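Student: Quick one: the structure is below, questions incoming.
The values are calculated or read from the model by the stated rules, or taken from the named source; none is laboratory data. The structure displayed is predicted, hence computed values, not measured ones. Counting neighbours? That spans all protein chains shown, and the Cβs are built from the backbone with ideal geometry, glycine included. When the accessible area is computed, the model is the full protein with side chains, heavy atoms only, and any ligands, DNA or RNA have been set aside. Shrake-Rupley method; radii C 1.70, N 1.55, O 1.52, S 1.80 Å.
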Amino acid sequence: SAVISQKPSRDICQRGTSLTIQCQVDSQVTMMFWYRQQPGQSLTLIATANQGSEATYESGFVIDKFPISRPNLTFSTLTVSNMSPEDSSIYLCSVLQHYGYTFGSGTRLTVV
Amino acid sequence: SQQGEEDPQALSIQEGENATMNCSYKTSINNLQWYRQNSGRGLVHLILIRSNEREKHSGRLRVTLDTSKKSSSLLITASRAADTASYFCATDENTDKLIFGTGTRLQVFP
């Protein structure tokens, strides 16, 4: 299966600032996704990262708050903008290949 | 809401007992998957069952799927303390997107 390197693994950020999370995949993948997992909750899909075009966001998530880049088939970034304590969560990227889904190890974000 | 429902939300059992978790979903699917997550870490894929399958086994895991009721169950037999984790079902809803259930927190006491 694909190997995903997700960075940073954790961060503590001041409210009002932004954090960019990176996912690097060791092979080319068509489909990449970003999820949020709030404390004690399940995973919620934020958006599908589309290579060469704007991401497709799920209901409740907007580009201004969670801008996503996908410059090529192996790399994507998610930015959490103008952070508030409510953004404290684990953020995970995921890729889909012919054999199934693989998840990054997650970024644990704490906003203070 | 995106998510399907899982029950119970939390389950505590003794080692050696069986653990059963249930998942309900909302739309038609191509397949349903079960994942495990230890202490908020990365997800581990456990098993996938296709919409035309009714039951599947993998080691101590047994998964059933009832598409008429839009529900699935995960049975872990002869549980171990190492099985302590959160378990999530996830469906594709006939798309490439994976939508997760609310999860079951399993605690297995030695």
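Student: Would you tally the net charge around residue A:60, using a Cβ to Cβ cut-off of less than 14 Å, leaving residue A:60 out, and scoring K and R as +1, D and E as -1?
Tutor: -2
Student: Moving on. Direction-averaged shadow area of the convex hull around the Cα atoms of chain B, nm²?
Tutor: That works out to 6.4 nm².
Student: What is the sum of charges around residue B:50, taking Lys and Arg as +1, Asp and Glu as -1, for the other residues whose C-beta is under 12 Å from the C-beta of residue B:50?
Tutor: With Lys, Arg at +1 and Asp, Glu at -1, the neighbours total -1.
Student: So for the range A:53-112, considering every pair of alpha-carbon atoms, how many percent are separated by more than 20 Å?
Tutor: More than 20 Å apart: 33 percent of the Cα pairs in the range A:53-112.
Student: Please compute, for peptide B:88-98, the average count of beta-carbon atoms on other protein chains lying within 10 Å of each residue's beta-carbon.
Tutor: Per residue, the average neighbour count from other chains is 3.
Student: Return the carbon/sulfur percentage of the accessible area of chain A, one whole number, probe 1.4 Å, all protein chains in place.
Tutor: So the carbon and sulfur contribution to the accessible surface is 48 percent.
Student: Turning to a different aspect of this structure: Please compute the alpha carbon radius of gyration of chain A, then divide it by the globular-protein estimate 2.2 N^0.38 Å. Two decimals is fine.
Tutor: 0.99
Student: On to the next question. Might you tell me the accessible area per residue for chain B, computed with a 1.4 Å probe and given in Å²?
Tutor: That works out to 48 Å² for each residue.
Student: Let me ask another. Using alpha carbons only, what's the Rg to Rh ratio of the protein assembly as shown with Rh from Kirkwood?
Tutor: Answer for the protein assembly as shown: 0.97.
Student: Hey, what's the Kirkwood Rh for the range B:36-89 if you take every pair of different alpha carbons, in angstrom?
Tutor: 12.2 Å
Student: Mind checking A:45-53 for the average number of partner chain beta-carbons within 10 Å of each residue's beta-carbon?
Tutor: 1
Student: Can you return the lysines within cross-link range of residue A:65? Criterion is Cα-Cα under 26 Å, with same-chain partners fewer than 8 residues away left out.
Tutor: In chain and number order, the partners are A:7, B:97.
Student: Please compute, for peptide B:41-51, the average count of beta-carbon atoms on other protein chains lying within 10 Å of each residue's beta-carbon.
Tutor: 3
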